[in-house]
Amino acid sequence: MTVPIEKNKEYVVDIIDYGFEGEGIAKIDGFTIFIPNAIKGEKVKILIVKVLSSHGFGKIIEILKKSEHRIDVDCKTYKRCGGCNLRHIDYEETLNIKQNTVQNLVNKTLKNKIDVKKTWGMGNPFFYRNKLQCPIGIDENNEPIVGVYANRSHEIIEMKNCMIQNQESLRIVDTIINELKKYNISVYNEKTHKGLVRNLVIKKGVHTGEILVIFVINGEDISKLKKISEELINRFQNIKSVVANVNKAKTNVILGNNNINIYGNGYIEDILGEYVFKISTNSFYQINPVQAEALYNIALENTNITKNDVVFDLYCGVGTISIFASKFAKKVYGVEIVEQAIDDAIDNAKRNNIDNVEFLVGDTEFVLEELIEKKKILPDVIIVDPPRKGLDKTTIENILKIKPKKISYISCNPATLIRDLAFFEDDYNIEFIQPVDMFPWTSHVECVAVMKLK
(Lines give C-alpha, C1' and ligand atoms only; values in the text may rest on other atoms or scores of the structure.)
Protein backbone atom coordinates (compact mmCIF):
# COMPACT_ATOMS: atom_id res chain seq x y z
CA MET A 1 0.00 0.00 0.00
CA THR A 2 1.29 3.45 -0.91
CA VAL A 3 1.43 5.71 2.16
CA PRO A 4 -0.77 8.74 1.35
CA ILE A 5 0.68 11.08 4.01
CA GLU A 6 4.05 12.73 4.64
CA LYS A 7 5.79 13.62 7.88
CA ASN A 8 5.74 17.34 8.82
CA LYS A 9 2.86 18.05 6.44
CA GLU A 10 -0.52 19.48 7.48
CA TYR A 11 -3.90 17.86 6.72
CA VAL A 12 -7.55 18.50 7.59
CA VAL A 13 -9.27 15.34 8.85
CA ASP A 14 -12.50 14.09 10.42
CA ILE A 15 -12.19 12.09 13.65
CA ILE A 16 -14.21 8.92 13.07
CA ASP A 17 -13.40 6.74 16.09
CA TYR A 18 -11.25 6.26 19.21
CA GLY A 19 -8.06 4.23 19.62
CA PHE A 20 -7.22 1.91 22.49
CA GLU A 21 -5.57 4.77 24.41
CA GLY A 22 -8.56 7.07 23.90
CA GLU A 23 -6.87 9.01 21.11
CA GLY A 24 -8.83 10.13 18.04
CA ILE A 25 -8.64 8.11 14.80
CA ALA A 26 -8.79 9.66 11.33
CA LYS A 27 -8.29 8.11 7.87
CA ILE A 28 -6.77 9.53 4.71
CA ASP A 29 -7.37 7.28 1.68
CA GLY A 30 -7.93 4.36 4.07
CA PHE A 31 -4.68 5.04 5.94
CA THR A 32 -5.11 5.25 9.75
CA ILE A 33 -3.80 8.21 11.74
CA PHE A 34 -3.84 8.38 15.55
CA ILE A 35 -4.29 11.87 17.03
CA PRO A 36 -4.02 12.42 20.82
CA ASN A 37 -6.58 14.78 22.42
CA ALA A 38 -8.93 14.57 19.41
CA ILE A 39 -12.57 13.61 19.97
CA LYS A 40 -14.83 11.54 17.74
CA GLY A 41 -16.97 13.82 15.52
CA GLU A 42 -14.46 16.67 15.40
CA LYS A 43 -12.86 18.17 12.28
CA VAL A 44 -9.24 19.15 12.97
CA LYS A 45 -6.16 20.45 11.22
CA ILE A 46 -3.22 18.21 12.11
CA LEU A 47 0.53 18.03 11.62
CA ILE A 48 1.90 14.54 10.87
CA VAL A 49 4.67 13.81 13.38
CA LYS A 50 5.41 10.13 12.61
CA VAL A 51 4.71 7.79 9.69
CA LEU A 52 4.94 3.99 9.77
CA SER A 53 4.08 1.52 7.02
CA SER A 54 0.67 0.68 8.52
CA HIS A 55 -0.35 3.90 10.32
CA GLY A 56 0.73 7.40 11.30
CA PHE A 57 0.56 9.84 14.20
CA GLY A 58 -0.52 13.45 14.15
CA LYS A 59 -0.96 16.35 16.55
CA ILE A 60 -3.73 18.94 16.56
CA ILE A 61 -2.86 22.38 15.19
CA GLU A 62 -6.41 23.73 15.11
CA ILE A 63 -9.88 22.44 15.98
CA LEU A 64 -12.15 23.42 13.09
CA LYS A 65 -15.31 21.75 14.41
CA LYS A 66 -15.49 21.12 18.15
CA SER A 67 -17.24 18.11 19.75
CA GLU A 68 -20.07 18.72 22.22
CA HIS A 69 -18.14 16.40 24.55
CA ARG A 70 -15.03 18.61 24.72
CA ILE A 71 -14.62 20.36 28.08
CA ASP A 72 -12.22 22.91 29.52
CA VAL A 73 -9.29 21.10 31.11
CA ASP A 74 -8.91 21.75 34.85
CA CYS A 75 -5.21 20.77 34.99
CA LYS A 76 -2.29 22.74 33.58
CA THR A 77 0.06 19.78 33.21
CA TYR A 78 -2.22 16.98 31.96
CA LYS A 79 -0.80 16.91 28.42
CA ARG A 80 2.80 16.62 29.63
CA CYS A 81 2.05 14.29 32.55
CA GLY A 82 -0.03 11.73 30.63
CA GLY A 83 -1.75 10.58 33.82
CA CYS A 84 -5.22 11.76 32.72
CA ASN A 85 -5.23 11.38 28.95
CA LEU A 86 -9.05 11.79 28.70
CA ARG A 87 -9.28 14.95 30.80
CA HIS A 88 -10.47 17.00 27.77
CA ILE A 89 -13.63 14.84 27.40
CA ASP A 90 -16.78 15.01 29.57
CA TYR A 91 -17.00 12.15 32.07
CA GLU A 92 -20.07 10.44 30.60
CA GLU A 93 -18.37 10.21 27.18
CA THR A 94 -15.23 8.67 28.75
CA LEU A 95 -17.48 5.88 30.07
CA ASN A 96 -18.88 5.36 26.56
CA ILE A 97 -15.34 5.23 25.12
CA LYS A 98 -14.39 2.46 27.55
CA GLN A 99 -17.53 0.46 26.82
CA ASN A 100 -16.89 0.76 23.08
CA THR A 101 -13.25 -0.31 23.49
CA VAL A 102 -14.38 -3.58 25.07
CA GLN A 103 -17.28 -4.02 22.62
CA ASN A 104 -14.93 -3.66 19.62
CA LEU A 105 -12.70 -6.40 21.04
CA VAL A 106 -15.74 -8.66 21.55
CA ASN A 107 -16.92 -8.07 17.98
CA LYS A 108 -13.49 -8.91 16.54
CA THR A 109 -12.74 -11.99 18.67
CA LEU A 110 -15.75 -13.82 20.13
CA LYS A 111 -18.23 -16.05 18.34
CA ASN A 112 -20.94 -14.89 20.73
CA LYS A 113 -21.23 -11.14 20.03
CA ILE A 114 -22.43 -10.35 23.54
CA ASP A 115 -23.46 -6.75 24.26
CA VAL A 116 -20.99 -5.25 26.72
CA LYS A 117 -22.71 -3.47 29.61
CA LYS A 118 -22.42 0.28 30.13
CA THR A 119 -19.26 1.17 32.05
CA TRP A 120 -19.82 1.31 35.82
CA GLY A 121 -18.89 4.92 36.57
CA MET A 122 -17.87 6.69 39.76
CA GLY A 123 -20.23 9.10 41.52
CA ASN A 124 -17.41 11.55 42.26
CA PRO A 125 -14.54 10.85 39.83
CA PHE A 126 -12.09 13.26 41.50
CA PHE A 127 -9.32 12.89 44.11
CA TYR A 128 -9.85 9.12 44.13
CA ARG A 129 -6.27 7.82 44.35
CA ASN A 130 -5.38 6.56 47.83
CA LYS A 131 -1.67 6.26 46.98
CA LEU A 132 0.57 9.13 45.91
CA GLN A 133 3.93 8.10 44.51
CA CYS A 134 6.28 10.78 43.26
CA PRO A 135 9.97 11.19 42.42
CA ILE A 136 12.12 13.94 43.94
CA GLY A 137 14.70 15.77 41.85
CA ILE A 138 16.52 19.08 41.51
CA ASP A 139 15.16 22.03 39.53
CA GLU A 140 17.12 24.62 37.49
CA ASN A 141 17.75 26.64 40.70
CA ASN A 142 19.30 23.58 42.36
CA GLU A 143 16.29 23.29 44.70
CA PRO A 144 14.38 20.06 45.50
CA ILE A 145 11.38 19.50 43.25
CA VAL A 146 8.66 16.88 43.58
CA GLY A 147 6.09 15.91 40.99
CA VAL A 148 5.50 13.40 38.23
CA TYR A 149 7.63 12.27 35.32
CA ALA A 150 6.72 13.90 32.02
CA ASN A 151 5.13 11.41 29.63
CA ARG A 152 7.78 9.03 28.20
CA SER A 153 10.67 10.79 29.95
CA HIS A 154 12.45 11.20 33.29
CA GLU A 155 11.95 14.96 33.45
CA ILE A 156 10.09 15.84 36.64
CA ILE A 157 7.07 18.13 36.25
CA GLU A 158 6.25 19.98 39.46
CA MET A 159 2.85 18.90 40.78
CA LYS A 160 1.10 21.96 42.19
CA ASN A 161 -2.36 20.46 42.00
CA CYS A 162 -3.83 17.16 40.84
CA MET A 163 -7.50 16.39 40.32
CA ILE A 164 -7.16 12.64 40.94
CA GLN A 165 -4.79 12.59 43.94
CA ASN A 166 -5.88 12.82 47.56
CA GLN A 167 -5.62 16.48 48.55
CA GLU A 168 -4.30 15.87 52.07
CA SER A 169 -1.48 13.78 50.61
CA LEU A 170 -0.56 16.68 48.32
CA ARG A 171 -0.38 19.04 51.32
CA ILE A 172 1.92 16.58 53.09
CA VAL A 173 4.21 16.50 50.04
CA ASP A 174 4.43 20.32 50.02
CA THR A 175 5.37 20.28 53.70
CA ILE A 176 8.05 17.63 53.13
CA ILE A 177 9.67 19.63 50.32
CA ASN A 178 9.88 22.70 52.54
CA GLU A 179 11.39 20.63 55.34
CA LEU A 180 13.97 19.07 53.00
CA LYS A 181 15.10 22.59 52.12
CA LYS A 182 15.06 23.68 55.77
CA TYR A 183 17.32 20.82 56.90
CA ASN A 184 19.40 20.87 53.72
CA ILE A 185 18.76 17.18 53.02
CA SER A 186 20.28 15.92 49.78
CA VAL A 187 18.11 14.68 46.93
CA TYR A 188 18.97 11.64 44.80
CA ASN A 189 20.61 12.21 41.42
CA GLU A 190 19.93 9.41 38.89
CA LYS A 191 23.14 10.13 36.94
CA THR A 192 25.60 10.24 39.85
CA HIS A 193 23.71 7.82 42.12
CA LYS A 194 24.29 10.23 45.01
CA GLY A 195 21.88 12.02 47.33
CA LEU A 196 19.60 10.64 50.02
CA VAL A 197 15.87 11.06 49.25
CA ARG A 198 14.71 9.35 46.04
CA ASN A 199 10.92 9.16 46.20
CA LEU A 200 7.95 9.91 48.39
CA VAL A 201 5.07 7.46 48.75
CA ILE A 202 1.97 8.37 50.75
CA LYS A 203 -0.84 5.88 51.37
CA LYS A 204 -4.19 6.83 52.85
CA GLY A 205 -7.06 4.70 54.14
CA VAL A 206 -10.11 6.15 52.40
CA HIS A 207 -12.54 5.01 55.10
CA THR A 208 -10.28 5.21 58.19
CA GLY A 209 -8.42 8.38 57.18
CA GLU A 210 -5.14 6.85 58.41
CA ILE A 211 -1.98 7.92 56.55
CA LEU A 212 1.35 6.15 55.99
CA VAL A 213 4.29 8.32 54.85
CA ILE A 214 7.21 6.55 53.15
CA PHE A 215 10.59 8.16 52.39
CA VAL A 216 12.45 6.09 49.79
CA ILE A 217 16.12 6.72 50.53
CA ASN A 218 19.52 5.92 49.04
CA GLY A 219 21.19 5.05 52.38
CA GLU A 220 20.33 4.43 56.03
CA ASP A 221 20.87 7.81 57.72
CA ILE A 222 17.45 8.78 59.07
CA SER A 223 18.57 11.35 61.69
CA LYS A 224 17.19 14.37 59.80
CA LEU A 225 14.15 12.44 58.58
CA LYS A 226 13.19 11.95 62.24
CA LYS A 227 13.02 15.74 62.64
CA ILE A 228 10.85 16.07 59.53
CA SER A 229 8.61 13.29 60.85
CA GLU A 230 8.03 15.16 64.12
CA GLU A 231 6.95 18.22 62.14
CA LEU A 232 4.60 16.12 59.96
CA ILE A 233 2.98 14.39 62.94
CA ASN A 234 2.35 17.74 64.63
CA ARG A 235 0.74 19.21 61.51
CA PHE A 236 -1.22 16.20 60.21
CA GLN A 237 -3.17 14.31 62.85
CA ASN A 238 -4.06 11.45 60.46
CA ILE A 239 -0.44 10.32 60.04
CA LYS A 240 -0.18 7.02 61.92
CA SER A 241 3.15 5.76 60.56
CA VAL A 242 6.32 7.10 58.94
CA VAL A 243 8.76 4.66 57.29
CA ALA A 244 12.15 4.96 55.61
CA ASN A 245 12.37 2.46 52.76
CA VAL A 246 16.00 1.77 51.80
CA ASN A 247 16.68 1.40 48.08
CA LYS A 248 20.36 1.73 47.08
CA ALA A 249 20.01 -0.10 43.76
CA LYS A 250 20.56 1.55 40.38
CA THR A 251 17.04 0.77 39.24
CA ASN A 252 13.72 2.25 38.18
CA VAL A 253 11.98 0.04 40.75
CA ILE A 254 10.77 2.45 43.41
CA LEU A 255 10.73 0.43 46.63
CA GLY A 256 13.50 -1.60 48.23
CA ASN A 257 12.98 -4.50 50.64
CA ASN A 258 14.42 -2.97 53.83
CA ASN A 259 12.08 -0.78 55.90
CA ILE A 260 13.00 1.30 58.96
CA ASN A 261 10.13 2.47 61.15
CA ILE A 262 10.58 6.12 62.11
CA TYR A 263 7.16 6.53 63.74
CA GLY A 264 4.28 4.16 64.41
CA ASN A 265 4.10 0.43 63.67
CA GLY A 266 4.85 0.60 59.93
CA TYR A 267 1.33 0.14 58.59
CA ILE A 268 -2.17 1.59 58.47
CA GLU A 269 -5.60 0.01 58.10
CA ASP A 270 -8.52 0.62 55.79
CA ILE A 271 -12.01 -0.80 55.46
CA LEU A 272 -13.23 -2.41 52.23
CA GLY A 273 -16.81 -3.60 52.34
CA GLU A 274 -17.24 -5.00 55.85
CA TYR A 275 -13.60 -6.04 56.23
CA VAL A 276 -10.44 -4.45 57.63
CA PHE A 277 -7.23 -4.62 55.58
CA LYS A 278 -3.64 -3.90 56.56
CA ILE A 279 -1.70 -1.54 54.25
CA SER A 280 2.07 -1.64 54.71
CA THR A 281 4.97 -0.18 52.71
CA ASN A 282 5.39 -3.05 50.25
CA SER A 283 1.86 -4.47 50.21
CA PHE A 284 -0.51 -4.05 47.27
CA TYR A 285 -3.86 -2.40 47.87
CA GLN A 286 -6.36 -1.15 45.29
CA ILE A 287 -5.66 2.47 44.24
CA ASN A 288 -9.39 3.26 44.09
CA PRO A 289 -11.11 1.33 46.91
CA VAL A 290 -14.56 2.77 46.14
CA GLN A 291 -14.56 1.24 42.66
CA ALA A 292 -12.69 -1.87 43.83
CA GLU A 293 -15.56 -2.62 46.20
CA ALA A 294 -18.02 -2.25 43.32
CA LEU A 295 -15.84 -4.51 41.16
CA TYR A 296 -15.74 -7.29 43.77
CA ASN A 297 -19.45 -7.04 44.53
CA ILE A 298 -20.35 -7.29 40.83
CA ALA A 299 -18.12 -10.36 40.47
CA LEU A 300 -19.46 -12.14 43.55
CA GLU A 301 -23.14 -11.23 43.38
CA ASN A 302 -23.37 -12.56 39.83
CA THR A 303 -21.42 -15.74 40.56
CA ASN A 304 -24.06 -16.91 43.07
CA ILE A 305 -21.68 -18.73 45.43
CA THR A 306 -23.45 -20.93 48.00
CA LYS A 307 -22.43 -22.44 51.36
CA ASN A 308 -21.87 -25.77 49.59
CA ASP A 309 -19.31 -24.31 47.16
CA VAL A 310 -15.53 -24.63 47.13
CA VAL A 311 -13.96 -21.56 45.52
CA PHE A 312 -10.51 -21.11 43.97
CA ASP A 313 -9.30 -17.50 43.90
CA LEU A 314 -6.36 -17.46 41.50
CA TYR A 315 -3.90 -14.53 41.57
CA CYS A 316 -5.41 -13.57 44.94
CA GLY A 317 -2.92 -10.84 45.91
CA VAL A 318 -3.39 -9.80 49.56
CA GLY A 319 -6.61 -11.82 49.75
CA THR A 320 -9.25 -9.13 49.23
CA ILE A 321 -11.49 -11.15 46.88
CA SER A 322 -10.92 -14.38 48.83
CA ILE A 323 -12.06 -12.66 52.02
CA PHE A 324 -15.09 -11.12 50.28
CA ALA A 325 -16.00 -14.60 48.89
CA SER A 326 -15.54 -16.37 52.25
CA LYS A 327 -18.87 -14.99 53.49
CA PHE A 328 -20.77 -16.97 50.82
CA ALA A 329 -18.61 -20.09 50.36
CA LYS A 330 -17.92 -23.33 52.17
CA LYS A 331 -14.16 -22.99 51.58
CA VAL A 332 -11.91 -20.61 49.61
CA TYR A 333 -8.39 -21.36 48.38
CA GLY A 334 -6.35 -18.26 47.46
CA VAL A 335 -3.30 -18.70 45.20
CA GLU A 336 -0.58 -16.08 44.62
CA ILE A 337 3.06 -16.19 43.49
CA VAL A 338 4.24 -13.20 45.60
CA GLU A 339 5.23 -14.47 49.06
CA GLN A 340 4.82 -11.07 50.77
CA ALA A 341 1.29 -10.81 49.39
CA ILE A 342 0.39 -14.24 50.81
CA ASP A 343 1.81 -13.22 54.23
CA ASP A 344 -0.44 -10.14 54.10
CA ALA A 345 -3.40 -12.27 52.96
CA ILE A 346 -3.00 -14.64 55.93
CA ASP A 347 -2.73 -11.64 58.26
CA ASN A 348 -5.85 -10.04 56.72
CA ALA A 349 -7.87 -13.24 57.20
CA LYS A 350 -6.83 -13.39 60.89
CA ARG A 351 -7.61 -9.69 61.28
CA ASN A 352 -11.18 -10.39 60.13
CA ASN A 353 -11.59 -13.67 62.07
CA ILE A 354 -12.08 -15.69 58.88
CA ASP A 355 -11.28 -19.40 59.15
CA ASN A 356 -12.63 -20.87 55.89
CA VAL A 357 -9.88 -19.41 53.67
CA GLU A 358 -6.55 -21.08 52.93
CA PHE A 359 -3.76 -19.21 51.13
CA LEU A 360 -1.13 -20.95 49.02
CA VAL A 361 2.04 -19.37 47.65
CA GLY A 362 3.34 -20.37 44.21
CA ASP A 363 2.87 -20.08 40.47
CA THR A 364 -0.86 -20.40 39.71
CA GLU A 365 -0.13 -22.86 36.92
CA PHE A 366 1.56 -25.36 39.29
CA VAL A 367 -0.48 -24.76 42.47
CA LEU A 368 -3.73 -25.26 40.55
CA GLU A 369 -2.40 -28.55 39.19
CA GLU A 370 -1.36 -29.66 42.69
CA LEU A 371 -4.77 -28.84 44.17
CA ILE A 372 -6.56 -30.75 41.42
CA GLU A 373 -4.24 -33.72 40.75
CA LYS A 374 -2.57 -34.40 44.12
CA LYS A 375 -5.01 -33.09 46.71
CA LYS A 376 -8.07 -34.01 44.62
CA ILE A 377 -9.78 -30.73 45.51
CA LEU A 378 -12.23 -29.68 42.82
CA PRO A 379 -13.75 -26.18 42.83
CA ASP A 380 -17.37 -25.35 42.13
CA VAL A 381 -16.40 -21.76 41.31
CA ILE A 382 -13.16 -20.22 40.09
CA ILE A 383 -12.33 -16.53 40.37
CA VAL A 384 -9.34 -15.24 38.42
CA ASP A 385 -7.73 -11.81 38.61
CA PRO A 386 -4.57 -12.20 36.51
CA PRO A 387 -1.93 -9.59 35.63
CA ARG A 388 -2.14 -7.64 32.36
CA LYS A 389 -0.79 -10.56 30.31
CA GLY A 390 -3.88 -12.61 31.22
CA LEU A 391 -4.12 -16.36 31.83
CA ASP A 392 -1.36 -18.74 30.75
CA LYS A 393 -2.24 -21.67 28.48
CA THR A 394 -1.75 -24.35 31.18
CA THR A 395 -4.08 -22.60 33.63
CA ILE A 396 -6.78 -22.36 30.94
CA GLU A 397 -6.33 -26.06 30.13
CA ASN A 398 -6.54 -27.01 33.83
CA ILE A 399 -9.73 -24.98 34.32
CA LEU A 400 -11.30 -26.58 31.23
CA LYS A 401 -10.26 -30.01 32.48
CA ILE A 402 -12.24 -29.66 35.73
CA LYS A 403 -15.05 -27.45 34.33
CA PRO A 404 -16.30 -25.55 37.42
CA LYS A 405 -19.94 -24.53 37.19
CA LYS A 406 -19.02 -20.83 37.17
CA ILE A 407 -15.97 -18.70 36.40
CA SER A 408 -15.63 -15.06 37.35
CA TYR A 409 -12.85 -13.31 35.45
CA ILE A 410 -11.66 -9.92 36.77
CA SER A 411 -9.39 -8.18 34.30
CA CYS A 412 -7.20 -5.07 34.14
CA ASN A 413 -6.62 -5.54 30.39
CA PRO A 414 -9.66 -6.01 28.10
CA ALA A 415 -7.49 -7.23 25.20
CA THR A 416 -6.21 -10.29 27.11
CA LEU A 417 -9.61 -10.79 28.78
CA ILE A 418 -11.42 -11.16 25.44
CA ARG A 419 -8.57 -13.29 24.05
CA ASP A 420 -8.94 -15.67 27.02
CA LEU A 421 -12.75 -15.75 26.93
CA ALA A 422 -12.53 -17.14 23.39
CA PHE A 423 -10.93 -20.34 24.80
CA PHE A 424 -13.96 -20.92 27.06
CA GLU A 425 -16.75 -20.21 24.54
CA ASP A 426 -17.33 -23.83 23.48
CA ASP A 427 -17.93 -25.00 27.06
CA TYR A 428 -19.27 -21.87 28.76
CA ASN A 429 -21.92 -19.24 28.17
CA ILE A 430 -20.54 -15.76 28.79
CA GLU A 431 -23.33 -14.30 30.90
CA PHE A 432 -22.11 -10.71 30.85
CA ILE A 433 -19.10 -8.41 30.56
CA GLN A 434 -19.18 -5.38 32.85
CA PRO A 435 -16.54 -2.65 32.44
CA VAL A 436 -15.73 -0.74 35.65
CA ASP A 437 -14.13 2.71 35.67
CA MET A 438 -11.37 2.08 38.20
CA PHE A 439 -9.24 4.99 36.96
CA PRO A 440 -11.48 7.90 35.87
CA TRP A 441 -10.15 10.30 33.19
CA THR A 442 -7.68 7.68 31.93
CA SER A 443 -8.07 5.19 29.06
CA HIS A 444 -7.59 2.29 31.50
CA VAL A 445 -10.63 0.05 32.08
CA GLU A 446 -11.20 -2.94 34.36
CA CYS A 447 -13.81 -5.58 33.55
CA VAL A 448 -15.74 -8.40 35.17
CA ALA A 449 -16.88 -11.30 33.01
CA VAL A 450 -18.97 -14.15 34.42
CA MET A 451 -19.20 -17.50 32.65
CA LYS A 452 -21.60 -20.38 33.31
CA LEU A 453 -20.99 -23.99 32.27
CA LYS A 454 -23.25 -25.04 29.40
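The values are calculated or read from the model by the stated rules, or taken from the named source; none is laboratory data. All figures in this text were calculated on a predicted structure; none of them were measured in a lab. When we count neighbours, we look across all protein chains shown, and the Cβ atoms used for this are built from the backbone with ideal geometry, even at glycine. Heads up: the accessible areas ignore ligands, DNA and RNA and are worked out on the full protein's heavy atoms, side chains in. Shrake-Rupley method; radii C 1.70, N 1.55, O 1.52, S 1.80 Å.
Worth pointing out:
- Cα-based Lys proximity count in segment 85-160, under 28 Å, for pairs eight or more positions apart or on separate chains: 10
- Taken one residue at a time, the phi angles of segment 253-262 give Karplus couplings (6.51, -1.76, 1.60, θ = phi - 60°) of 5, 6, 9, x, 9, 9, 10, 10, 6, 8 Hz. Gly and Pro are set to x.
- Positive-end residue of Gly195, Asn166, Ser223, charge dipole of the chain with Cβ unit charges: Gly195
- Cα centroid separation, segment 137-197 to segment 62-80 (Å): 27 Å
- Protein heavy-atom surface of the chain, 1.4 angstrom probe: 47% of the accessible area is carbon and sulfur, with nucleic acids and ligands not counted.
- Secondary-structure-derived ellipticity at 222 nm for the chain, considering helices only, amounts to -7500 deg cm²/dmol, per-run term -39500 (n - 2.57) for DSSP H runs with n ≥ 4.
- Mean Cβ neighbour count within 10 Å, used as a protection proxy, ranking 95-101, 357-363 highest first: 95-101, 357-363
- Size of electric dipole in the chain: Cβ of Lys, Arg +1 and of Asp, Glu -1, about Cα centre, debye, nearest 20: 520 debye
- Each Lys or Arg adds one and each Asp or Glu takes one away; over the other residues whose Cβ falls under 9 Å from the Cβ of Ile382, this sums to -1.
- Fraction of antiparallel bridges per DSSP, the chain only, in percent to nearest 5: 70 percent
- Computed with a 1.4 Å probe over protein heavy atoms only, the accessible surface of the chain comes to 46 Å² per residue.
- Beta bridges assigned by DSSP with both partners in segment 109-236 are antiparallel in approximately 90 percent of cases.
- Per residue, the convex hull spanned by the Cα atoms of segment 148-306 measures out at 146 cubic angstrom.
- The alpha-carbon of Lys191 sits under 17 angstrom from the alpha-carbons of these lysines, leaving out residues fewer than 8 places away in its chain: Lys248, Lys250.
- When Rg and the Kirkwood radius Rh are both evaluated on Cα atoms of segment 32-186, their ratio Rg/Rh stands at 1.05.
- Bridge type composition, segment 1-129 - antiparallel percent by DSSP, nearest 5: 90 percent
- Cβ crowding within 10 Å averaged over residues, with 444-454, 46-56, 261-271 ranked highest first: 444-454, 261-271, 46-56
- Placing +1 on the Cβ of every Lys and Arg and -1 on the Cβ of every Asp and Glu, with no other charges, gives segment 60-196 a dipole of roughly 660 debye about its Cα centre.
- Protection proxy ranking of 215-222, 398-405 - average other beta-carbon atoms within 10 Å, highest first: 215-222, 398-405
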